[in-house]
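Quick notes on the structure that follows.
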Amino acid sequence: MKFIDIKNCYKVYKNGVTAIADLTLSIDKGEFVFVTGASGCGKSTFVKLLYREEKPTKGQVWVGGINVAKLYNSRVYKLRRKLGIVFQDFKLLPKLTVYENVSFGLENTGMKQKEIKPLVLKALERVGLKEKIRSFPNQLSGGEQQRVCIARAIVNDPKVLICDEPTGNLDPKTSKEIMKVIANINKEMGTTVITVTHDKEIVNSLKKRVITLDNGVLANDTMKGKYTADESN
Ligand code: ADP
């Protein structure tokens, strides 16, 4: 079995929409994968199945040896501990500093401050934000806020980093910088990275594996790929 293994997976929402249809694919440990496709083609649903925000209607989803499709709610935390997740809208806590936003999750695991501090500083260093640890989110640019989110997602050294449209709210130059940070995490930490995007330029410049969805169906899966989604949609 591969590190991430999806077999004959379907997701039909309660309103009858089939967001994912008969999807079979696997992702190796340490891979960097883009997930692309037109708006509404099932990209977010795909990653939600991986972090168990949604359950498949049919089929199998395995992540790092965990049978995600069969995972009880009470065990979801075991899966989430293996994952870091970055969203388009930063979801930072406005009343906490940069440092506190990154340390927050670790404090909830019962770790001691003495153990937490070096991890937080290391994560902030990795995203190039060590000088801003005392700033509040509203004192940061969009790109800086996204860096904080990335630091928060990698602070516990997750096996998988899932990024759902991480550059969706950023200008092209900042988007490139953020993708560089994410690519470096994959390279230096060996983290498996799955990035949802419809940014053609980013996909084409990084030359990584590209999984393209079309109406919930796997339309293309290419190594060192190019953006192939139909732009007329
Ligand atoms: P993408 O991320 O590619 O834009 P989504 O995975 O968000 O696509 O959506 C795929 C399809 O599923 C769309 O038709 C969308 O309207 C539908 N959908 C997404 N989430 C839900 C939901 N919670 N309930 C019903 N339909 C949904």
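The values are calculated or read from the model by the stated rules, or taken from the named source; none is laboratory data. Being a predicted model, the structure only gives us computed values, none of them experimental. For neighbour counting, all protein chains shown are included, and Cβ atoms are generated from backbone atoms with ideal geometry for every residue, glycine included.
Quick look at the numbers
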read-out	value
Residue among Lys7, Lys11, Lys43 that is surrounded by 13 or more Cβ atoms within 10 Å (Cβ to Cβ), at pLDDT 95 or above, of a type in the set (Lys, Arg) and farther than 13 Å from Val61 by Cα	Lys43
Residue in segment 173-194 that is surrounded by 21 or more Cβ atoms within 10 Å (Cβ to Cβ), within 16 Å of the ligand (Cβ to nearest atom), at negative phi and hydrophobic (A, V, I, L, M, F, W, C) present	yes
Considering residues of segment 4-18 that are within 16 Å of the ligand (Cβ to nearest atom) and touching a helix residue (DSSP H, G or I) at 6+ places or on another chain (Cβ under 9 Å) only, the residue nearest to Cys163 (Cα to Cα)	Ile6
Selection from segment 199-213 of residues that are out of contact with any strand residue (DSSP E or B) (no Cβ under 8 Å at 6 or more places or on another chain) and within 14 Å of the ligand (Cβ to nearest atom)	Asp199
Residue within segment 164-184 that is in a strand (DSSP E or B) and either more than 27 Å from Gly64 (Cβ to Cβ) or not acidic (Asp, Glu) (or both) present	no
Scope segment 19-56; condition of a type in the set (Ser, Thr, Tyr), in contact with a Lys or Arg (Cβ under 9 Å, 6 or more places away or on another chain) and within 8 Å of the ligand (Cβ to nearest atom); matching residues	Thr45
Output for segment 201-230, where each listed residue is of a type in the set (D, E, K, R) and either farther than 24 Å from Ala21 by Cβ or modelled with pLDDT under 90 (or both)	Glu201, Lys207, Lys208, Lys224, Lys226, Asp230
Looking only at segment 122-160, and only at residues there that are in a loop (DSSP other than H, G, I, E, B) and among the hydrophobic types (A, V, I, L, M, F, W, C), the one that is surrounded by the fewest Cβ atoms within 10 Å (Cβ to Cβ)	Phe136
Candidate set from segment 97-121 (those that are among the charged types (D, E, K, R) and either assigned to a helix (DSSP H, G or I) or in contact (Cβ under 8 Å) with a residue 40 or more places away in the chain (or both)); member that is surrounded by the most Cβ atoms within 10 Å (Cβ to Cβ)	Glu100
Where a residue in segment 156-171 is small (Gly, Ala, Ser) and its partner, wherever it lies, is assigned to a loop (DSSP other than H, G, I, E, B), with Cβ under 9 Å and at least six apart	Gly168/Phe87; Gly168/Gln88; Gly168/Asp89; Gly168/Thr197; Gly168/His198; Gly168/Asp199
Pairs where the first residue, in segment 35-54, is in contact (Cβ under 8 Å) with a residue 12 or more places away in the chain and in a loop (DSSP other than H, G, I, E, B) and the second is within 9 Å of the ligand (Cβ to nearest atom) and charged (D, E, K, R), C-beta under 9 Å, 6+ apart	Gly37/Lys43; Gly42/Lys11; Glu54/Lys11; Glu54/Lys48
